[in-house]
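Colleague: Supplied in C-alpha cells, the structure appears directly below.
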Amino acid sequence: MEKPVRLAISNQKGGVGKTAIAINIAGALNRQGSDVLFVDLDPQGNATENLGMREAYDEDPPSLFDVLSDAEQRERITDIVREHREMDLIPSNIDMTAIEPELTLSRRSGQQLDLVLEHVEDEYDYVLIDCPPFLGNLMDNALYAAQNTLIPALAETTSKRAFELLYDHIGALETDYGIEIQDCGVIINRIDVRKTQAQEMIAWIEDAFDDTPVWQVRERASIQRALSNGVSLFEEDPNCDQLPMFEDIAAQLADQFQRTEVHV
Ligand SMILES: Nc1ncnc2c1ncn2[C@@H]1O[C@H](COP(=O)(O)OP(=O)(O)OP(=O)(O)O)[C@@H](O)[C@H]1O
Ligand SMILES: [Mg+2]
C-alpha cells in the first residue's frame, strides 16, 4: 500500500480554527472513503477533548510524550491509538506540556514525529496533524513529518503578520533540514460577510496566494456545536451550507495526491 499523505494543519496564531478545520477535513476525508489518523500535537489537548477522549489526556504513560522523547519507545505509538467513529486519534496528554525542552535535548529535535509515525501509519490514507499555537519543536516536528501544510487563518489584518512569521519559520526549517514544504492550501475561517475588513482580507489573501488553493469557511454555530459534540459537521449537521467547502478540500487533496481510489 502507498504511504499515507501527511498534512500539518498549522498556524502559530491561536484560535484561528486549526482544530475545528482539521476535524472537519478528517470528517470529509472519512466520507470520501479514506482512512484518517488524526494526531493531536497540541499540549492543550483540545482535539483530544473535543473528540471525546478527555480520559486519554490524563492517562498514565506511555503517551505521545514518551514515544516522541524516547527512541526506545517509538513503537509503543500503536498502544495509544484511540478509535473515533470518523477517524483514529493519537491523543495529546498532560505530559506534552513538558515536551519542548525534552525535544531540544534530542539529537534530531525536529524529526522525532516522522520516525514515530512510521510505526503506525501503514493502514491509513491520510495523517492529519493538528499543530499547537506556537513556533517551537512540536511545530517543527509536524512540519518536518508532513512536509505539507494546510493553513487556517482569520479574515483579519493580524493574519498578515501571522503568515509572515509562519513562512519565515518554514523557510528556515527548509534550509536547516534540506527539505521542501509544500503549501496545500489556505482556509480563511470564521468569515463574517457583514464585515468590510473580512472582504478586504479575503481579497488580500487570494492575491497573496494566487498559486495555492484558498477556501472560505463562514462563521457557523453548527461548526462550534460539532466541535463541542465531538464529531465533524458531517455527523452534526449534514445540511450545513459549509459542508461543500470541506468536501471540496477533501476532493482536491485526493486529486493533488492522486488518492482517488476509494474503498468504502
Ligand atoms: N467556522 C467557524 N464558525 C464558528 N465557530 C468556529 C469556526 N471555526 C472555529 N470556531 C470556533 O472558534 C474557536 C477556536 O477554534 P479552534 O479551537 O479550532 O482554533 P485553534 O486554532 O485550534 O485554537 P488553538 O490555537 O488554541 O489551538 C472554537 O470555539 C471553535 O468552535
Ligand atoms: Mg487547536
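The values are calculated or read from the model by the stated rules, or taken from the named source; none is laboratory data. As the structure is a prediction and not an experimental result, all values here were calculated from the model. Here the Cβ positions follow ideal geometry from the backbone for every residue, glycine too, while neighbour counts run over all protein chains shown. Ligands, DNA and RNA are stripped out before the accessible areas are found, and what is left, the full protein with its side chains, is counted by its heavy atoms. Shrake-Rupley method; radii C 1.70, N 1.55, O 1.52, S 1.80 Å.
Colleague: I need two numbers for region 116-264: Rg to one decimal and Dmax as a whole number, Cα atoms only, in Å.
Modeller: Looking at region 116-264, its Cα Rg and Dmax stand at 16.6, 48 Å.
Colleague: Please identify the DSSP H helices in the chain that span no less than 24 Å along the helix axis (Cα) and have a mean Kyte-Doolittle hydropathy of 0.0 or more.
Modeller: none
Colleague: Taking the Cα centre of the chain as origin, sum charge times position over the Cβ atoms of Lys and Arg (+1) and Asp and Glu (-1), and report the length of that vector in debye to the nearest 20.
Modeller: Here the size comes out at about 780 debye.
Colleague: What is the antiparallel percent of DSSP beta bridges lying wholly in the chain, to the nearest 5?
Modeller: Working: 2 of 28 bridges.
Percentage antiparallel, nearest 5: 5.
Colleague: Multiplying the sequence separation of Ile179 and Phe134 by 0.36 nm and subtracting their Cα-Cα distance, what value in nm do you get?
Modeller: Gain on stretching Ile179 to Phe134: 14.1 nm.
Colleague: State, to one decimal in nm, how far the label point of Arg161 lies from the label point of Glu59, with both points 7 Å from Cα in the Cβ direction.
Modeller: 4.0 nm
Colleague: May I ask you to compute the full-extension gain from Ala172 to Asp207, defined as 0.36 nm times their residue separation minus their alpha-carbon distance, rounded to one decimal in nm?
Modeller: Going from the current span to full extension adds 10.2 nm.
Colleague: Normalized C-alpha radius of gyration of region 86-193, against 2.2 N^0.38 Å? Working shown, then result.
Modeller: On the way: Rg = 15.0 Å, N = 108, 2.2 N^0.38 = 13.0 Å.
Its radius of gyration relative to the 2.2 N^0.38 Å reference: 1.15.
Colleague: Under 18 Å from the 7 Å Cα→Cβ point of Arg218, by amide nitrogen: which residues of region 179-208?
Modeller: Under 18 Å, as judged by backbone N against the label point of Arg218, lie 187-203 of region 179-208.
Colleague: While we're on this one: Label Asn239 and Arg225 with points 7 Å out from Cα along Cα→Cβ: what is the distance between them in nm?
Modeller: So the label points at Asn239 and Arg225 sit 1.0 nm apart.
Colleague: Taking the highest mean first, how do the peptides 85-97, 55-67 order by number of other beta carbon atoms within 10 angstrom per residue?
Modeller: The most tightly packed comes first, giving 85-97, 55-67.
Colleague: Taking 30 Å as R0, compute the FRET efficiency from the Cβ-Cβ separation of Glu200 and Gln256 and round it to 0.05.
Modeller: The pair Glu200/Gln256 has a calculated efficiency of 0.55.
Colleague: Accessible area per residue, 1.4 Å probe, Å², for region 5-256: what's the number? Mind showing how you got there, number by number?
Modeller: On the way: 10500 Å² over 252 residues.
Averaged over the residues of region 5-256, the accessible area is 42 Å².
Colleague: If you bin every alpha carbon distance in region 1-107 into 5 Å steps from zero, what whole percent lands in each bin?
Modeller: 2, 12, 21, 23, 21, 14, 6, 1, 0
Colleague: For His169, His119, give me the order by solvent-accessible area with a 1.4 Å probe, most accessible first, ignoring ligands, DNA and RNA.
Modeller: His119, His169
Colleague: Here's another thing I want to ask about it. Among Ala98, Phe134, Ser109, flag the residue with its Cα farthest along the positive direction of the charge dipole of region 95-165, charges on Cβ as +1 for Lys/Arg and -1 for Asp/Glu.
Modeller: Phe134
Colleague: Also, I was wondering about something else. Tell me, what % of the accessible area of region 141-264 is carbon and sulfur with a 1.4 angstrom probe?
Modeller: Taking all protein chains in place, region 141-264 shows 43 percent carbon and sulfur surface.
Colleague: Send over the per residue convex hull volume for the chain, Cα only, as a whole number of Å³.
Modeller: 118 Å³
Colleague: In region 126-175, what chymotrypsin sites (Phe, Trp or Tyr not before Pro) fall in a loop by DSSP, with at most 15 other Cβ atoms inside 10 Å? Walk me through the numbers before you get to the answer.
Modeller: Values: sites: Tyr126, Phe134, Tyr144, Phe163, Tyr167; in loops: Phe134.
Those satisfying the criteria are Phe134.
Colleague: For Asp168, tell me the accessible area in Å² from a 1.4 Å probe, rounded to the nearest 10.
Modeller: 100 Å²
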